[in-house]
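Read through the structure below, which is laid out as structure tokens, and then see the notes.
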Amino acid sequence: MISRRRFLGASAGGVLGALAASACSTAPSGGQAAGAKSLRVWDHFQPREDLHKKLFADFQKSSGTAVEYTVYNPNQQGQALQLAFGSKQLPDIFTTAGVKLPQARLRKDGWIAPIQLTKEDLAAMPQDAFLNGFTHFDDKLYSLPMVSFRQYGTLTWYNVELAEKAGLDPDRDLATWDEFRAAAAKMESAGGDGVSGWIAPLQFAERMGEHVSDLAMAAGGSGATDPRTGEYSYATDPYVHAIEFLVSLKKDGLLFPASSSLDARTARARWSTGVAGLFFDGPWNIGVVKDQFKPFVDKVGVTSMPSAEAGRPIFVYNPPKAGDYCFAATSKQPEVAAELLKLFTTKEVMLAETEQMDGMPVDLSLVDKANVHPTYKTAAAIFARQIKLRPAPEVRNPGISEVVAEMKQVQPDLGSIVQGVLSGQLPDARKALTDLDRKLTAERERAVKAVAAKGVKVAAGDWAFDNWTPGQDYGRDKYKTS
């Protein structure tokens, strides 16, 4: 463990030290001689922690460079990174969980620098995972993808034992919002005192926003913007109804009482003790349960998130995904960092990563070859069926990345609005979402004007794709005809 004094010394006023001390941090066994080379790595990949420790220990033996490795709670990592950036002490390599800033903005503000890996180094990885405006800027690699865009964080995870006691067939009885609510009530009743129907990470605004976005698409929505018009679409019926669905679970008394104090990890830990029947989470849920709560693993089942109504097919429209591991612009060791990141580009390591059952691997075909829990394969099959690639204006016009980098954060964001409505502090969800659309539109217009003044050619129509078809992937070939 890294000492408390060392963390406090590396923080802004000790705050970063307190955060880091609460995370799981390790340096490879055997210690490190004074003056020896080292790299600091921060990520949020809890299920992969043991594998990464081994990889980093082997890297030290072969390269002479030690790795100080910290696994963060994603609800805390963003704050820790903000403090580290402010004190010019970013780790050499990090994921951006919780930062809430697009990588185009991180590049502009001096957080990240190009990763010195060649096309040959990346040859074993799926080439469609690399796109300008996402993993690349100006054809330079800025982030290494570890996770596929074909995943979402709102799978319905259920307690198999409670489902059986309640007489439920989860694939049938959790298919719609109404059925989900009824099933939660039955599981709560079957569980007896101290058992709730549903547990949620209400303290984690970003995750609650993701849940509502996913559920909105299960109600026929197309995401934060309408691909056909490019306009923001939070104030539409799918988003409003998704929030109302979550509110109905609370009003029915089905929400675990302490949910307001829980983030994703603490909610999962409580769920794994049997205090609730249902839990929305991503595919990584089973990997964490297997590592941290092994006695519960045989009680875990998974099915799709529910649809708003019977017979409505679920399509989730995800944009191309930015990479996961970034290289700090303040690091003095680009060559060594590149050698470490190169570890993750081989088929052997990608398969080993898949078997940790974290986020879906960037090469989804590896799931069928991997030794994983059946629920992980079920999740992969659900994603293959439901998730479609949505168009990204950054691909069609690289100048959009300049606009994204220029845009400032708008508050309250979706997650904060969801928290406010569920807590009763925001009585009118549609009004709050309408304000969010208005603020985002105004900020985008301001950013477009700002970059246009610098000679970047961008127009409002660049966000609109009249050849987008719901229920289909928007492949690279579609950009040629848009």
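Only one of (1) in contact with a helix residue (DSSP H, G or I) (Cβ under 6 Å, 6 or more places away or on another chain); (2) assigned to a loop (DSSP other than H, G, I, E, B); (3) crowded, with 21+ Cβ neighbours inside 10 Å fails for Pro227. Which number is that?
With (1) in contact with a helix residue (DSSP H, G or I) (Cβ under 6 Å, 6 or more places away or on another chain); (2) assigned to a loop (DSSP other than H, G, I, E, B); (3) crowded, with 21+ Cβ neighbours inside 10 Å applied to Pro227, the lone miss is (1).
With respect to Arg385, determine if the residue is at pLDDT below 95 and basic (Lys, Arg).
no
Take the residues of the range 79-89 that are in contact (Cβ under 8 Å) with a residue 60 or more places away in the chain and either open to solvent by less than 10 Å² (accessible area, probe 1.4 Å) or within 18 Å of the chain's Cα centre (by Cα) (or both): which is farthest from Ala264 (Cα to Cα)? Show your work before the answer.
Kept after step one, since they are in contact (Cβ under 8 Å) with a residue 60 or more places away in the chain, are these residues of the range 79-89: 79-80, 83-84, 86-89.
Adding the requirement that they be either open to solvent by less than 10 Å² (accessible area, probe 1.4 Å) or within 18 Å of the chain's Cα centre (by Cα) (or both) leaves 79-80, 84.
Numbers: Gln79: 16, Ala80: 17, Ala84: 23 Å.
So, considering only residues that are in contact (Cβ under 8 Å) with a residue 60 or more places away in the chain and either open to solvent by less than 10 Å² (accessible area, probe 1.4 Å) or within 18 Å of the chain's Cα centre (by Cα) (or both), the one farthest from Ala264 (Cα to Cα) is Ala84.
Filter the range 176-201 for residues that are assigned to a loop (DSSP other than H, G, I, E, B) and either at pLDDT below 95 or buried (at least 23 other Cβ atoms within 10 Å of the Cβ) (or both) and give the result.
Residues satisfying the conditions are Ala200, Pro201.
Restricting the first residue to the range 445-467 and requiring it to be at pLDDT below 95, which pairs with a second residue that is surrounded by fewer than 14 Cβ atoms within 10 Å (Cβ to Cβ) meet a Cβ separation below 9 Å and a spacing of at least six or different chains?
Filtered contacts from the range 445-467: Ala460/Glu445.
Working only within the range 436-478, note down all residues that are open to solvent by less than 50 Å² (accessible area, probe 1.4 Å), farther than 30 Å from Phe383 by Cβ and acidic (Asp, Glu).
Answer for the range 436-478, where residues must be open to solvent by less than 50 Å² (accessible area, probe 1.4 Å), farther than 30 Å from Phe383 by Cβ and acidic (Asp, Glu): just Glu443.
Which of the residues that make up the range 234-255 are touching a helix residue (DSSP H, G or I) at 6+ places or on another chain (Cβ under 7 Å), surrounded by 17 or more Cβ atoms within 10 Å (Cβ to Cβ) and either at positive phi or part of a loop (DSSP other than H, G, I, E, B) (or both)?
Within the range 234-255, Tyr234, Ala235, Leu254 meet the criteria.
Which residue is farthest from Ser304 (Cα to Cα), if the candidates are limited to the range 140-169 and must be over 16 Å from the mean Cα position of the chain (by Cα) and among the polar types (S, T, N, Q)?
Looking at the filtered set, the residue picked out is Asn159.
For Asp171, only one of the following conditions fails: (1) open to solvent by 50 Å² or more (accessible area, probe 1.4 Å); (2) at pLDDT 95 or above. What is its number?
The number of the failed condition is (2).
Checking the structure you have, find out if any residue of the range 334-345 is open to solvent by 60 Å² or more (accessible area, probe 1.4 Å) and within 23 Å of the chain's Cα centre (by Cα).
The answer is yes; a qualifying residue exists.
Considering only residues of the range 262-298 that are touching a Leu at 6+ places or on another chain (Cβ under 8 Å) and in a helix (DSSP H, G or I), which is farthest from Gly153 (Cα to Cα)?
So, considering only residues that are touching a Leu at 6+ places or on another chain (Cβ under 8 Å) and in a helix (DSSP H, G or I), the one farthest from Gly153 (Cα to Cα) is Arg270.
The values are calculated or read from the model by the stated rules, or taken from the named source; none is laboratory data. Not measured: the values here are computed from a predicted model. Cβ atoms come from the backbone with ideal geometry, glycine included; neighbour counts cover every protein chain shown. Keep in mind that these areas ignore ligands, DNA and RNA; they rest on the heavy atoms of the full protein, side chains included. Shrake-Rupley method; radii C 1.70, N 1.55, O 1.52, S 1.80 Å.
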